[in-house]
1. Cβ-Cβ distance below 8 Å, separation of 6 or more or different chains: which pairs start in region 42-66 with a residue that is farther than 24 Å from MET89 by Cα and end on one that is surrounded by 14 or more Cβ atoms within 10 Å (Cβ to Cβ) and among the charged types (D, E, K, R)?
2. Please enumerate the residues belonging to region 44-62 that are within 19 Å of HIS12 (Cβ to Cβ) and among the polar types (S, T, N, Q).
3. Spot the failing condition for THR155; the list is (1) modelled with pLDDT under 85; (2) under 30 Å from TRP21 (Cβ atoms); (3) not small (Gly, Ala, Ser), and only one is missed.
4. Look through region 12-60, keep the residues that are over 14 Å from ILE107 (Cα atoms) and among the basic types (Lys, Arg), and return whichever of them is farthest from the chain's Cα centre (by Cα).
5. I'm trying to understand the selection: among the residues of region 92-131, which are modelled with pLDDT under 85 and more than 23 Å from ASP49 (Cα to Cα)?
6. Taking the residues in region 68-82 that are out of contact with any helix residue (DSSP H, G or I) (no Cβ under 8 Å at 6 or more places or on another chain) and not polar (S, T, N, Q) as candidates, determine which candidate is modelled with the highest pLDDT.
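The values are calculated or read from the model by the stated rules, or taken from the named source; none is laboratory data. Quick caveat: nothing in here was measured; it's all calculated off a predicted structure. Using ideal geometry, Cβ is built from the backbone for each residue, glycine included, and neighbour counts are taken over all protein chains shown.
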Amino acid sequence: MVGTIRMGFGHHRIAYAASSWALASGKATYFHDLLNIESKEAQLIKDMDKLYSAGSRIATEMGGAVERLWGNMSAKQGDENSLRIFYAMAEQIKPLLLGVPKDTPIIASHCLVGLLAVACGFKVRARVGVRVRVRVRVRVRVRVRVRVRVRVRVTVRLRVRVARAGSAPP
């Protein structure tokens, strides 16, 4: 079973890649998106994601010190405190995985799915490291063609009358 949470495209893409790999092995493979289930546990995850997105948006709009503070708070994921918080949340959302037999191998594309599996009593059998290498090539070709055509036609008519000496001016 491949477990994921649809929070942005990264986790979902990794889950699809793992599912493709598992399907190619010929074994029965199930794709389990925790947000696809209508339940209060799934709503808890959605609410957490909304709060995170709102905090990120506000920090980006305000910029400066607020954005740096938000960056430092959200970048500290992976320390002991965030592990405790995510595990406590995994305990709250256990019903999302309790119906799955405990001997089912689970590939988790999100840390919360892995912690949920541990909270439900699944055994950790192997650690799989995922190395993601992203190469982004951006080619921008700007072609500006400006054609300015200016036609200026100046007609100057001068009437010059030359007066003869001794005659009166016109």
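1. Qualifying pairs under 8 Å: ALA59/GLU67; THR60/GLU67.
2. SER53, SER56
3. (2)
4. Going through the qualifying residues, I end up with LYS40.
5. LYS123, VAL124, ARG125, ALA126, ARG127, VAL128, GLY129, VAL130, ARG131
6. Looking at residues that are out of contact with any helix residue (DSSP H, G or I) (no Cβ under 8 Å at 6 or more places or on another chain) and not polar (S, T, N, Q), I get ARG68.
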